[in-house]
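Written below as structure tokens is the structure these notes are about.
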Amino acid sequence: MWKPKFHIAPPHGLLNDPNGLIYWNKEYHLFYQWNPNGCEHKTKHWAHLKSKDLINWETLPIALSPTDWFDKNGCYSGSAIEKDGEIYLFYTGNVKNNDIRESYQCLATSKDGINFEKKGPVIHDRDIPKEYTRHFRDPKIFIENGIYKMVIGAQRVDLTGTVVVFSSKDLINWSFDKEVINGDFGFMCECPDFITDKDNSALLFSPQGIKANGDLYNNRYQSGYIIRDLEEINQNNFIELDRGFEFYAPQTFIDEFNKNVLIGWMGMPEELKHPSIENENWVHSLTLPRTLEIKNNKILQTPHPNLKKLRKDEITLENITVNEILNLSDFNISGDCYELIIDLKNLNTDFKIDLRIGENEKTTFSYDYKNKKATLDRNISGAGYDGSRSCSLEVLEKIHIFMDNSSVEIFLNDGEEVFTGNIYPNKNSLGIEIMTKMLFTIPMIKFFKI
């Protein structure tokens, strides 16, 4: 009952990082880390899907399997780029011999977008500079000034995390450039990425080992970005991409509209106490695709416009007054799979919305008007992990919610902040209620079944 209806999830086994995202030959190709043999982090393959619209996905044969000497312990994460009409996949081949790790940055190519031929390592284990350990992985490829660049997550020999860059003119021969961050980012930086948007750019990565600081950095590991050029190695103002619970290892690509789009893993490393494992033999999903825009030194994330194709049975309410509590079920607004948009311009009071309400369970989003704080609380949301996450928010003007069977994604103020999390409520927990501390008229509520 928890398998998502409109998020990507594995047919069985474990899903983690999204890989190789690319728009190629008028189709989207998406790969993800998959263990088809169980729900543990083992035997990582690259599962493969394609779509014309980011909504309807066709399952293709597994693209990469850990069958060669350079990837025998896992085809780890990586990315895709087009060259001469072919798809080039770059990934990390994980190897352990006598418990000694080796790391290979490998290439596989395809002319038809279905069958991939492994070409082997393009950056050999012996090519890793002596300043770094073999925790050296997750190549993301892009072009800068006509040169191919590869950002790689790395760990220095002093066991601190960083990101490094390699360059190439042909995608085959690569040379080490330099480190591109200089700051305290824990013991490892995974899944680096780099985007440009008009005159702005951002370095994205997932550091492991950052200590919690108030409302910041409260997950096991974090994912975020620094607004900066690639050369600005001393610019270290790290901002979390998502303020919720399960969001990690995001990857970006350019879509059909020439926009930066992000998809993340709706999961967290080393956290496998999910009821879907025991009851349904699968775990984790991917986030919805999010369009990115860099504005006022921040990445704004909004649901991809193609997601509107999911909408069914619209219900619109205008100028609805809340006198302490409003039960949306009275307006036939309830369910387990839906899109909900609430206009809150000129909000002047505390606001709270309870989602997936059932007997003794609910998931709550709230806004503290006086203290300017937004919070997602899943302490009584059902089975699975509990807890709450918060962030500062000067004003709350709009809430945009996507609810699926076992997940919720909440976009605030057209992507100023986003909360993502897994929830596992009872299948009969369908109610929605809005509460305000004082009388308030909501300009508009839009509800769509999915």
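At-a-glance table
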quantity: Candidate set from the stretch 51-79 (those that are assigned to a loop (DSSP other than H, G, I, E, B) and aromatic (Phe, Trp, Tyr)); member that is least open to solvent (accessible area, probe 1.4 Å); calculated: 70
quantity: Filter result for the condition that a residue is open to solvent by 60 Å² or more (accessible area, probe 1.4 Å) and modelled with pLDDT of 95 or more, over 169, 198; calculated: 169
quantity: Close pairs from the stretch 371-395: first more than 15 Å from residue 354 (Cβ to Cβ), partner basic (Lys, Arg) and not in a loop (DSSP other than H, G, I, E, B), Cβ under 7 Å, at least 6 apart; calculated: 390/373; 392/373; 393/373
quantity: Matching residues in the stretch 90-124 - criterion: being among the basic types (Lys, Arg) and over 16 Å from residue 73 (Cα atoms); calculated: 111, 119
quantity: Selection count, the stretch 244-269, where residues are open to solvent by 30 Å² or more (accessible area, probe 1.4 Å) and either assigned to a loop (DSSP other than H, G, I, E, B) or free of Cβ contacts under 8 Å to residues at least 60 places away in the same chain (or both); calculated: 4
quantity: Tally of residues being more than 18 Å from residue 240 (Cα to Cα) and either among the β-branched types (Val, Ile, Thr) or not in a loop (DSSP other than H, G, I, E, B) (or both) across the stretch 287-308; calculated: 4
quantity: In the stretch 328-386, the residues that are out of contact with any His (no Cβ under 7 Å at 6 or more places or on another chain), of a type in the set (Gly, Ala, Ser) and under 18 Å from residue 246 (Cα atoms); calculated: 374, 381, 382, 383
quantity: Residue 218 vs. criteria in contact (Cβ under 8 Å) with a residue 40 or more places away in the chain and either in a loop (DSSP other than H, G, I, E, B) or of a type in the set (Ser, Thr, Tyr) (or both); calculated: yes
quantity: Qualifying positions in the stretch 164-199 - under 22 Å from the mean Cα position of the chain (by Cα), aliphatic (A, V, I, L, M) and farther than 15 Å from residue 221 by Cβ; calculated: 164, 181, 195
quantity: Hits in the stretch 73-100 (condition: more than 24 Å from the chain's Cα centre (by Cα), among the polar types (S, T, N, Q) and at pLDDT 95 or above); calculated: 73
quantity: Some residue of the stretch 120-137 being surrounded by fewer than 15 Cβ atoms within 10 Å (Cβ to Cβ) and under 20 Å from residue 87 (Cβ atoms); calculated: yes
quantity: Out of 401, 445, 450, 380, sole residue that is of a type in the set (A, V, I, L, M, F, W, C) and more than 25 Å from the chain's Cα centre (by Cα); calculated: 445
quantity: Residue identified as surrounded by fewer than 20 Cβ atoms within 10 Å (Cβ to Cβ), of a type outside the set (S, T, N, Q) and assigned to a loop (DSSP other than H, G, I, E, B) among 82, 40; calculated: 40
quantity: Members of the stretch 215-241 found to be under 20 Å from residue 268 (Cα atoms), open to solvent by 10 Å² or more (accessible area, probe 1.4 Å) and not β-branched (Val, Ile, Thr), listed by number; calculated: 215, 216, 217, 218, 219, 220, 221, 238, 240
quantity: Exclusive hit being in contact with a Lys or Arg (Cβ under 7 Å, 6 or more places away or on another chain) and at negative phi, set 157, 165; calculated: 165
quantity: Count of the stretch 21-49 residues which are over 16 Å from the mean Cα position of the chain (by Cα) and aliphatic (A, V, I, L, M); calculated: 2
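Here is a yes/no grid of residues against (1) in a strand (DSSP E or B); (2) surrounded by fewer than 20 Cβ atoms within 10 Å (Cβ to Cβ); (3) basic (Lys, Arg):
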| residue | (1), (2), (3) |
| --- | --- |
| 386 | no, yes, no |
| 396 | no, no, no |
| 399 | yes, no, no |
| 403 | yes, no, no |
| 410 | yes, no, no |
| 414 | no, yes, no |
| 418 | yes, no, no |
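The values are calculated or read from the model by the stated rules, or taken from the named source; none is laboratory data. The structure displayed is predicted, hence computed values, not measured ones. Every residue, glycine as well, gets a Cβ built from its backbone with ideal geometry; the counts of neighbours run over all protein chains shown. Note: areas computed on protein heavy atoms with side chains; ligands, DNA, RNA excluded. Shrake-Rupley method; radii C 1.70, N 1.55, O 1.52, S 1.80 Å.
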